[in-house]
Every structure is written in structure tokens, then in C-alpha cells.
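Encoded as C-alpha cells, the structure appears first; notes follow it.
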Amino acid sequence: MNAFPIKLIYTIETANELSKMLPSPPHNLEEIINKGQLQAGVGAPSRTFRKAVLRNRVKRLLRESYRLVKPDFLNNAALQGNRVNLFFLYTDATILTQAEIQEKIKQLLNRLAEKLTPLH
């Protein structure tokens with residue numbers, strides 16, 4: 001999913017898939033079935049941001065925006081029985097403000113919440 005300049009890459013794994021895929025089921029399989037699990041990561045390409053200072057700034061902005069939007073996402077999304085892995089990738093060379101990045105992440109997570117609702 002895209003909301004330029006942020007790209008959201010995600011995977012949705014059900015508890016049944018997790019128990020079949022892994023040689024031993026995760027220790028928190030019961031928790032995943034009852035509440036769900038959410039994991040997130042952020043990235044900024046070194047090809048776009050040559051200096052580590054800029055890469056780290058972009059990643060810090062992404063993490064903070066995600067932290068602020070996450071409670072609304074958890075209220076809207078039906079995660080029970082699913083493990084959702086998220087990865088936010090910043091794709092543009094110009095850095096947006098914190099508020100703009102937060103709005104883009106909110107748009108992406110709202111679209112993902114809509115996709116998660118029919119699954120449950």
C-alpha cells in the first residue's frame with residue numbers, strides 16, 4: 001500500500017498458519033488467538049539518504065508517527081487470531097513534517113484496518 005512518500009508492506013498470519021509453519025508453535029499462540037499480535041518496523045534507504053543522520057531522522061519520525069496512530073488502529077482493526085507484521089518504508093528524498101507523516105501513516109493504517117475487518 002502506498003501513501004506517497006510512505007510505503008506500507010505488511011503480512012497477515014493467522015494462528016492456524018503459525019502453528020503449521022513453525023516447527024514448534026510460538027509460546028504466545030494462545031495470546032495471538034485471543035488478542036492478536038502487532039509488530040512494526042521502519043526503514044529509509046541509504047541510496048536516498050546518504051547521510052546516516054538523515055536516515056535516522058526519517059526513521060525516528062516514522063516511529064513516532066506510528067506510536068501516535070497505533071491506538072486508533074488497534075481500536076479499529078480486528079486482530080483476534082492474527083499476527084500482523086508491518087513495515088513502513090520512506091521512499092522520497094525530501095523529508096515531510098511530523099504532522100504530514102503522521103497523516104500518511106494514519107491513512108495507510110485505516111486502509112489496512114478495512115482489509116482486516118472482513119478476515120475476522
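FYI, it's all coordinate maths here, none of it is from the lab. Since this is a predicted model, take the numbers as computed values, not measurements. Please note: Cβ atoms are built from the backbone with ideal geometry, for glycine as well, and neighbour counts cover all protein chains shown.
Close Lys pairs in the stretch 44-120, defined as Cα atoms under 23 Å apart and 8 or more places apart or on different chains, number 9. The gain in end-to-end length when the THR11 to ASP72 segment is fully stretched comes to 20.0 nm, 0.36 nm per residue minus the alpha carbon separation.
For the peptides 65-71, 45-51, the ranking by mean Cβ contacts within 10 Å, running from highest to lowest, is 65-71, 45-51.
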